[in-house]
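Comments concern the structure below.
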Amino acid sequence: MVEADESSYRTLREICAHLKIPYGTHKEGGWVPHVLRHNFATEIVQVTDIETAKSLTGHTGTHILTYLQTDEKRQRAAMNKREGKEINKVLVELYNQIKNGSIDVSAFVEKVGYLIKNG
């Protein structure tokens with residue numbers, strides 16, 4: 001990783017001041033370059049696995065977890081994705097049971113109805 005010298009930070013502070021962007025971690029709404037890494041880690045983990053995200057951000061161990069953000073929408077999407085896989089698994093099992101004759105059509109319809117109502 002390349003270390004920035006003090007003149008780089010001074011230039012960045014001047015640019016932020018010119019653009020009327022609060023600069024610094026101790027200012028309300030303040031921005032620092034590290035925010036880019038934080039945002040990148042948050043976005044990349046949405047489309048890949050944690051090991052790839054660690055590699056892309058240069059992290060080892062669990063340190064990358066401090067950069068990750070989530071919200072209720074992402075949590076709900078993750079649960080829906082998981083539950084969808086579970087429902088698909090149950091439907092395949094029910095299909096195989098009716099196909100091999102271990103349950104009849106009325107039992108199949110009843111179980112699918114229950115699955116739809118109760119997840």
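FYI, it's all coordinate maths here, none of it is from the lab. Predicted model, so just to flag it, every value in this text is computed and none were measured. Here the Cβ positions follow ideal geometry from the backbone for every residue, glycine too, while neighbour counts run over all protein chains shown.
Structure notes:
- Selection within region 70-119: residues that are acidic (Asp, Glu) and assigned to a helix (DSSP H, G or I). The member of this set that is farthest from Glu43 (Cα to Cα) is Glu110.
- Residue among Val45, Val92, Val112 that is without any contact (Cβ under 8 Å) to a residue 40 or more places away in the chain and touching a Phe, Trp or Tyr at 6+ places or on another chain (Cβ under 9 Å): Val45
- Test for Leu94: is it surrounded by 11 or more Cβ atoms within 10 Å (Cβ to Cβ) and touching a Lys or Arg at 6+ places or on another chain (Cβ under 7 Å): yes
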